[in-house]
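The values are calculated or read from the model by the stated rules, or taken from the named source; none is laboratory data. Computed from a predicted structure; not experimentally measured. All Cβ positions, glycine included, derive from the backbone under ideal geometry; neighbour counts span all protein chains shown. Accessible surface areas use protein heavy atoms only, side chains included; no ligands, DNA or RNA. Shrake-Rupley method; radii C 1.70, N 1.55, O 1.52, S 1.80 Å.
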Amino acid sequence: MTELHAAPHDADAIEKVSREFREAFGSEPEGVFSAPGRVNIIGEHVDYQQGLCVPMAISHRCFVAARRTDAGVVRMRSVQSGETVEASAPGLAPGAVDGWASYVAGVVWALADRFEGGVASGVDLLIDGYVPLGAGLSSSAALECAVAAAIEELCKLGTTPHERIRAAIKAETEFAGAATGGLDQSASILCEEGHAILLDCRDFSTTSVPWDLAGQGLALLIIDTRAPHSLVGGEYAERRAQAEAGARALGVESLRDVPFEGASDACRGITDPVVQRRSRHIINEIERVREFAEILETGSIREGLARIAELLNASHDSLRDDYEVTVPELDVAVEAAREAGAHGARMTGGGFGGSVIALVEADRVETVAGAVESAFAEHSFTEPVFFLATPSRGAGRDR
Ligand code: ADP
Ligand code: MG
């Protein structure tokens, strides 16, 4: 039987991170906090053109046990890295630490102007994460947002969720030096159980939309293809540049501004055929997201299932043909899932590797996962890893 990689029960994870804290730092934590990874259901490669997307939080979370100290240092330990890293609390600035600890210290730094003396006196942070690293499920945002929740609560900063989202983004871009658009952090902080969010990347406003998979007898299977991310830096920058060229050619600030009606005629006016295809993907994808969110806002997933499936499939096909960000592993997983009866399947995340999602009947999960596993074996691909995406709560205090 194909194995589904399950998240631990919250109570067990909280117990474990508390124990790890005691063993590492020799005292009880003041509190335990956590934040989820996320999966984007639809709306891919549209964030940098001010588009719309619909992410959901998953049940795989990053837990942080924390305590304020008067040692003048930020002490950080991660169970996953097996390391303890220290940084001077008053001297915290980009470059002070690197690697995984920069995501943690970056959040403390990004929130620093909000506390009067509080954290400058020091904090101990013990991290235990269950979001797989680098699978496209945003372990980095889960880590940042859990730390932001910890600092907010322990130091009683009074920040708003959006201020914490901005701090997490700032930590990742300015302190850890990684590129992030903000989708991950918004989802990790704002999502609610049984819901997804419609995120408007123009102003980062969000609307919670019902996404009660279990209540409708459905499941969202995540397939981590484990395909190696190749060329991703250069390709990503190139797609962004092509999208900008498309917006310039159409005389708009962003492709979000192109009305969907008449868009295909307008796109034909773009002389560069590659830029034309890239622009077409973004305009169509934004429209797909609009329709998708509208279905969820006005009815149940079950009632809208046929159209939801078409939108998911069309999203993948567009990413494969117009945006050209898929790799064979992604396409094979999508094909195998569809053939085994998935209602819809698409790559999720930036592409060039990463994960696929498949919307399936709850009692077909094993069958679909098994079919993907067999297809991967036939192609001699690395064995994929399967998860269930359970729409979960956003970042917060657990104890
Ligand atoms: P993704 O966010 O898709 O999982 P990223 O490359 O953005 O992939 O982030 C992964 C990085 O985040 C890791 O390489 C590590 O530096 C950091 N990270 C995430 N979770 C943890 C953790 N539990 N412990 C240590 N580092 C972590
Ligand atoms: Mg990340």
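Structure values in brief
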item: Residues of segment 352-394 that turn out to be of a type in the set (Gly, Ala, Ser) and in contact with a Ser or Thr (Cβ under 6 Å, 6 or more places away or on another chain), as a count; result: 4
item: Hey, ALA110 more than 15 Å from ligand 1 (Cβ to nearest atom), assigned by TED's automatic domain parsing to the domain that holds SER205 and within 22 Å of the chain's Cα centre (by Cα) or not; result: yes
item: Residue under evaluation VAL79, criteria (1) buried (at least 21 other Cβ atoms within 10 Å of the Cβ); (2) under 22 Å from GLU23 (Cβ atoms), criterion not met; result: (1)
item: Filtered residues of segment 3-19 (kept if buried (at least 16 other Cβ atoms within 10 Å of the Cβ) and over 22 Å from SER392 (Cβ atoms)); result: none
item: When residues of segment 171-187 are limited to those that are over 18 Å from HIS45 (Cβ atoms) and open to solvent by 20 Å² or more (accessible area, probe 1.4 Å), the one farthest from ligand 1 (Cβ to nearest atom); result: GLU174
item: Single residue of segment 155-170 satisfying the filter (open to solvent by 10 Å² or more (accessible area, probe 1.4 Å) and assigned to a helix (DSSP H, G or I)) that is nearest to ligand 1 (Cβ to nearest atom); result: ILE169
item: Residue ID - surrounded by the fewest Cβ atoms within 10 Å (Cβ to Cβ), chosen from residues in segment 45-76 that are within 15 Å of ligand 2 (Cβ to nearest atom) and of a type in the set (D, E, K, R); result: ASP47
item: Tally, over segment 171-194, of residues that are assigned to a loop (DSSP other than H, G, I, E, B), touching an Asp or Glu at 6+ places or on another chain (Cβ under 8 Å) and away from ligand 2 (no atom under 11 Å from the Cβ); result: 2
item: Residues being farther than 14 Å from VAL46 by Cβ, touching a residue at least 60 places away in the same chain (Cβ under 8 Å) and part of a helix (DSSP H, G or I) - total across segment 279-304; result: 2
item: Subset tally (residues that are part of a helix (DSSP H, G or I) and out of contact with any strand residue (DSSP E or B) (no Cβ under 6 Å at 6 or more places or on another chain)) for segment 17-39; result: 3
item: Among residues of segment 119-145, those that are more than 9 Å from ligand 1 (Cβ to nearest atom) and either modelled with pLDDT of 90 or more or open to solvent by less than 30 Å² (accessible area, probe 1.4 Å) (or both), counted; result: 7
item: Hey, CYS201 more than 12 Å from ligand 1 (Cβ to nearest atom), surrounded by fewer than 24 Cβ atoms within 10 Å (Cβ to Cβ) and under 19 Å from the mean Cα position of the chain (by Cα) or not; result: yes
item: Check on TYR103, of a type outside the set (A, V, I, L, M, F, W, C), outside the structural domain of ASP224 (by TED's automatic domain parsing) and out of contact with any strand residue (DSSP E or B) (no Cβ under 7 Å at 6 or more places or on another chain); result: yes
item: GLU235 being touching a residue at least 24 places away in the same chain (Cβ under 8 Å), farther than 23 Å from ILE308 by Cβ, part of a helix (DSSP H, G or I) and outside the structural domain of THR298 (by TED's automatic domain parsing); result: no
item: Strands (runs of 3 or more DSSP E) enclosed by segment 40-99 - at least 2 residues per element that are touching a Ser or Thr at 6+ places or on another chain (Cβ under 6 Å) and not β-branched (Val, Ile, Thr); result: 52-68
